[in-house]
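Undergrad: Please read through the structure below; I'll follow up with questions.
The values are calculated or read from the model by the stated rules, or taken from the named source; none is laboratory data. The structure presented is a predicted model; accordingly, all values stated were derived computationally and were not measured. All Cβ positions, even for glycine, are placed from backbone atoms using ideal geometry, and neighbour counts span all protein chains on display. Accessible surface is based on the protein model in full, side chains and every heavy atom, while ligands, DNA and RNA are left aside. Shrake-Rupley method; radii C 1.70, N 1.55, O 1.52, S 1.80 Å.
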Amino acid sequence: MNEDAALHSFRGIGKKTEELFHKLGIDRAGDLLTFFPRDYMVYPKPLESTDQLEPGKKQALYGFFKKAPVNHHYRSMDVTIGYFYIGSRGEKAIQVFWYRMPYLSRNIHIASPYVIYGTVGEKNGDLRFEQPALFLPQAYEKETNRLLPVYSLTKGISNQKMEKTVEEALNLCLPLKDPLQKEEDLLKEAGLISYEKAIRNMHFPESPDRLSAAIRRFSYQEFLVFFLSVRMEEKGLAKEKNNLVLDRHETCDRIRENLPFTLTKGQEAALSDLNADFAGPTVEERLIQGDVGSGKTIVAFLSMVRMVENGYQSAIMAPTEVLASQHQKTFQELIDRYQLPYHIAFLTGSLKTAERRQALFDIEDGTADFIIGTHALIQEGVSYHKLALVITDEQHRFGVRQRDAFLKKGQHPFSVVMSATPIPRTLALILYNGMHVSTIRDVPSERLRVKTAVIPDGKRAVAWNFIRKQVAAGHQAYIICPLVEASENLDQENVTDYGKNLAEYFKEDARVGILHGRMKPEDKDKIMTDFASNKIQILVSTTVVEVGVNVPNATVMMVENADHFGLAQLHQLRGRVGRGQWQSYCILINSQKKNADHANKRLDIMNRSYDGFEIAEEDLKLRGPGDARGIRQSGDSPFTMADIYQDSNLLELASIHADRILEEDPELSAEGHEGLRRLVDAKADETYTNL
């Protein structure tokens, strides 16, 4: 077992390649073991006719070469061109191109059967394969009988390279030490496989069932580590006595009476819950779940006004500077509209020195009533005058660490977490142990419902033309792709290539922007700011916009490969539009061919319902617990593998098991808990880093 082995000790990994692995967060052999595939694929059965080939699709073709491909040299690049014949007598041929692979022409056996696999291209009406993989039929048949891992990569490391390196690391590190070795009885109770079997089947699954068993094992482990981390952090954080005096409510009442709309029952109930907390004997924490477009912001503002009019400070903390700026703008507009004598302090990491100094001064001396910012609000050097309420927007990870950070500053504010992720109440009570839960399910009546359509990818051009008309009318559009870059194994749209193609398509009509999670925070903020100000009309993005800035002018949300997403996530994405006075639209592209009917049945739920809770529940019924997970939920979930819907039974069990473990070993210091303690410490560090 040598999990600390350096990467340069592996075959074929020099200094430059080692640096590429470091970019992926892989520094040693053990890191490779838990660098799990982002998806899995199965090679399709080879076709024996060109009639079934579709341009743009990854397909396989059975045939042979009548003569060796010919090498050409163009502009400092070697190009190998051949003709691949199909049919018993080679009745039809398709042109094949390989780049920088001149040795192939010497190694191909004439008239011997082969299978080529790759993306079908088209030029001047003729189909062609570019850079296909070449297999002997027996070798290809072997590949079609297994699930192939597909990794998230960086330029310079191929999927094949990653697969071979992981296999070498696995052999080097055997036997693997289970971080849950002391919890063998709990694992048996949960019906989970061993750590070593789970690791092996995550990377090289023997069957779909074995892969599901491996995913269940690590989903349970994620839940268990999460609960242990939270409860160990909570220990010693006893509830504080509530010393607030909130006699005044005239300003809050006046704003409510003069709102241009009537608060929904859900909003009224949430405000009532908060006021009950504020009047209680102890300082409390509350989760407010509000479905997409349910009006959580006005609830936050009114609750903050209640504190401010009684002489206390209120803060709202957002996960990004763009979202924090949006809150600042919204709150300032409300202050101006209702002529409130209140001052806002804005604090983020990118402020200039003079601006930061002034904000810190206003916060400390009490000039600032409303404090709006990012995690900069809990960094060193920030002192509060009389902080009574902190609201964290769309970021579950703040939690205990945030509360602890304020306690260290001598503050004991009420804590409210706002989330648009629809979580059933029973699960929310488990996940947010110790928090009260309020749920807003209704949507303000004046908001127009987003019209939703599911269309096959063959009608993409129709959708693009519709977007062109919306842009011509002065509106904007989002287009979501599942991948950042093209994958050699995944036939899904990627932001990088899609954005370039779209920019060419709309070059006369619109400016196209590209956004994804690998960009630097300041670059992401710049793109979102440009989109919010209509300098960019079409934003091609991954799901990083799922929790993002409010752009009322955006009227179209188009999602490529929508069949690969969970419906709860699609509902979140749909909620990015329909925020203005105009009718908005959500276009879901179904790319499924084999299971098109099943995919359509799932996606049609989005047509029938606009209730995020109902959508999540219906999606779970259709998917079933054994289905592959596809694209991981993103945004504010603290889990990378576990699914709180599909794995709800594991979630509940892990919560119970965490209590049992801590009852016997409160510090996880007993012999055999070393590995589990490392995981818990790493989770706590990750949470703190993400603040």
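Undergrad: Select from region 401-420 the residues that are under 22 Å from residue 290 (Cβ atoms) and at pLDDT below 75 and list them in ascending order. Outline the logic, then answer.
TA: First, the residues of region 401-420 that are under 22 Å from residue 290 (Cβ atoms): 402-403, 413-420.
402, 403, listed by residue number.
Undergrad: Quick one: would you say residue 162 is open to solvent by 10 Å² or more (accessible area, probe 1.4 Å) and part of a helix (DSSP H, G or I)?
TA: No, not satisfied.
Undergrad: Right, next: If residue 51 passes every condition in (1) open to solvent by 50 Å² or more (accessible area, probe 1.4 Å); (2) within 44 Å of the chain's Cα centre (by Cα); (3) under 19 Å from residue 108 (Cβ atoms) but one, which one does it miss?
TA: With (1) open to solvent by 50 Å² or more (accessible area, probe 1.4 Å); (2) within 44 Å of the chain's Cα centre (by Cα); (3) under 19 Å from residue 108 (Cβ atoms) applied to residue 51, the lone miss is (3).
Undergrad: Looking only at region 246-261, how many residues end up being open to solvent by 80 Å² or more (accessible area, probe 1.4 Å), in contact (Cβ under 8 Å) with a residue 60 or more places away in the chain and of a type outside the set (Asp, Glu)? Show your work before the answer.
TA: Kept after step one, since they are open to solvent by 80 Å² or more (accessible area, probe 1.4 Å), are these residues of region 246-261: 247-250, 254, 257-258, 260.
Those still in the list that are in contact (Cβ under 8 Å) with a residue 60 or more places away in the chain too: 247-249, 254, 258.
Narrowing further to those that are of a type outside the set (Asp, Glu): 248-249, 254, 258.
Residues that pass the stated criteria total 4.
Undergrad: Checking the conditions here, which among 31, 39 is surrounded by fewer than 18 Cβ atoms within 10 Å (Cβ to Cβ) and within 40 Å of the chain's Cα centre (by Cα)?
TA: 31
Undergrad: Now a separate question. Within region 171-209, work out how many residues are within 30 Å of residue 663 (Cα to Cα), open to solvent by 50 Å² or more (accessible area, probe 1.4 Å) and assigned to a helix (DSSP H, G or I).
TA: Total satisfying the criteria: 8.
Every residue, every condition in (1) of a type in the set (Val, Ile, Thr); (2) under 13 Å from residue 315 (Cβ atoms); (3) at pLDDT below 95, yes or no:
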| site | (1), (2), (3) |
| --- | --- |
| 325 | no, no, yes |
| 336 | no, no, no |
| 340 | no, no, no |
| 345 | no, yes, no |
| 350 | no, no, yes |
| 360 | no, no, no |
| 367 | yes, no, no |
| 371 | yes, yes, no |
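Undergrad: Something else now. Filter region 74-102 down to the residues that are loosely packed, with under 14 Cβ neighbours inside 10 Å and among the small types (Gly, Ala, Ser), then identify the one that is farthest from residue 134 (Cα to Cα).
TA: Top of the filtered list is 76.
Undergrad: Could you list, in sequence order, all residues of region 3-18 that are in a helix (DSSP H, G or I) and surrounded by 13 or more Cβ atoms within 10 Å (Cβ to Cβ)?
TA: Selection gives 7, 9, 17, 18.
Undergrad: Out of the residues in region 106-123 that are assigned to a strand (DSSP E or B) and of a type in the set (A, V, I, L, M, F, W, C), state the one that is modelled with the lowest pLDDT.
TA: 120
Undergrad: Would you check which residues across region 428-468 are part of a strand (DSSP E or B) and among the aliphatic types (A, V, I, L, M) and list them?
TA: 437, 440, 453, 454, 455
Undergrad: I'm checking my understanding of the structure. Among residues of region 299-321 that are open to solvent by 20 Å² or more (accessible area, probe 1.4 Å) and in a helix (DSSP H, G or I), which one is farthest from residue 609 (Cα to Cα)?
TA: The first filter runs over region 299-321 and keeps only residues open to solvent by 20 Å² or more (accessible area, probe 1.4 Å), leaving 306, 310-312, 319-321.
Add one more test, that the residue is in a helix (DSSP H, G or I), and what stays is 306, 321.
Working: 306: 35, 321: 32 Å.
Checking each candidate, the answer is 306.
Undergrad: Of 339, 358, 379, 313, which residue is farther than 23 Å from residue 549 by Cα, under 34 Å from the mean Cα position of the chain (by Cα) and free of Cβ contacts under 8 Å to residues at least 12 places away in the same chain?
TA: The match here is 379.
Undergrad: Another question, if that's okay. Have a look at 441, 511 and point out the one that is open to solvent by 50 Å² or more (accessible area, probe 1.4 Å), among the basic types (Lys, Arg) and within 30 Å of residue 260 (Cα to Cα). Please lay out each step first, then the result.
TA: Numbers: 511 fails: within 30 Å of residue 260 (Cα to Cα).
Matching residue, one of 441, 511: 441.
Undergrad: Here's another thing I want to ask about it. Which condition does residue 59 not pass, out of (1) more than 19 Å from residue 143 (Cβ to Cβ); (2) open to solvent by 10 Å² or more (accessible area, probe 1.4 Å), if it passes all the others?
TA: Of everything listed in (1) more than 19 Å from residue 143 (Cβ to Cβ); (2) open to solvent by 10 Å² or more (accessible area, probe 1.4 Å), residue 59 misses just condition (1).
Undergrad: So, residue 538, is that one of a type in the set (A, V, I, L, M), within 19 Å of residue 570 (Cα to Cα) and under 23 Å from the mean Cα position of the chain (by Cα) or not?
TA: In short, yes.
Undergrad: Taking into account only those residues within region 263-280 that are touching a residue at least 12 places away in the same chain (Cβ under 8 Å) and more than 33 Å from the chain's Cα centre (by Cα), which is most open to solvent (accessible area, probe 1.4 Å)?
TA: Here the residue is 279.
Undergrad: OK, next. Before we move on, is residue 80 more than 18 Å from residue 46 (Cβ to Cβ) and either free of Cβ contacts under 8 Å to residues at least 24 places away in the same chain or hydroxyl-bearing (Ser, Thr, Tyr) (or both)?
TA: Yes; evaluated as a whole, the condition is true for this residue.
Undergrad: Tell me which of these residue 293 doesn't satisfy, since it passes every other one: (1) modelled with pLDDT of 95 or more; (2) more than 19 Å from residue 406 (Cβ to Cβ).
TA: Of the numbered conditions (1) modelled with pLDDT of 95 or more; (2) more than 19 Å from residue 406 (Cβ to Cβ), the odd one out for residue 293 is (1).
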